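Worksheet: the structure to be examined is printed underneath.
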């Protein structure tokens with residue numbers, strides 16, 4: 001199972017939970033501090049993705065975009081810290097998009113679980129829809145120019161939900177996907193074994209006919 005888990009996603013989920021808890025515990029913190037926290041999280045996420053890319057086997061990196069994603073996150077995190085005065089009012093937009101992205105990621109996992117025949121794939125759809133709706137509320141109904149304590153509490157709750165639901169989706173789907181791969185490999189080997197047996201049987205039959 002552990003091979004199917006993308007650990008950068010796990011670290012991101014943990015970061016969501018930590019930031020969410022801090023925002024609920026300290027709802028009156030300044031927008032500048034929140035901007036610094038967001039920037040640091042993106043920088044760490046970027047560094048982890050870049051490091052993970054170079055630690056992967058060369059064959060595993062051909063169809064992955066961890067390096068490009070890591071660079072983008074790293075640059076964005078630095079920009080958030082350097083330009084924090086300019087984007088302080090955009091914090092609800094940024095965190096709302098982060099929450100929505102988490103929802104879209106879970107929606108993709110719902111598609112994967114459906115394709116591998118998991119009967120309870122609706123769980124992922126529900127988790128995804130909650131994240132997407134949460135993100136829309138943060139973006140369109142919470143004003144960045146009105147940094148009241150309720151703003152950070154709501155966003156913090158959204159981040160905590162995203163972190164916990166992402167961890168659940170990551171590990172639970174990894175287990176299901178791992179089982180699916182095992183079943184597929186077993187079925188493939190059995191099919192190959194039957195083909196080999198059939199070919200052996202045909203060769204034996206042809207050999208007997210030639211002797212006759």
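The values are calculated or read from the model by the stated rules, or taken from the named source; none is laboratory data. From a predicted model like this one, the values you see are computed outputs, not experimental measurements. Note: ideal-geometry Cβ built from the backbone for every residue, glycine included; neighbour counts use all protein chains shown.
The figures follow:
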| read-out | value |
| --- | --- |
| Candidate set: segment 11-59, residues that are surrounded by fewer than 17 Cβ atoms within 10 Å (Cβ to Cβ) and either within 15 Å of the chain's Cα centre (by Cα) or part of a loop (DSSP other than H, G, I, E, B) (or both); chosen: the one modelled with the lowest pLDDT | 57 |
| Qualifying position, being over 17 Å from the mean Cα position of the chain (by Cα), closer than 22 Å to residue 160 by Cβ and at pLDDT 75 or above, among 100, 122, 90 | 90 |
| Some residue of segment 133-152 being in a helix (DSSP H, G or I), over 21 Å from residue 24 (Cβ atoms) and at pLDDT below 85 | yes |
| Meets criteria (modelled with pLDDT of 80 or more and surrounded by fewer than 15 Cβ atoms within 10 Å (Cβ to Cβ)) for residue 106 | no |
| Exclusive hit being exposed (fewer than 15 other Cβ atoms within 10 Å of the Cβ), in a helix (DSSP H, G or I) and modelled with pLDDT of 75 or more, set 129, 159, 95 | 129 |
| Count of residues meeting criterion [part of a helix (DSSP H, G or I) and over 21 Å from residue 159 (Cβ atoms)] in segment 79-92 | 3 |
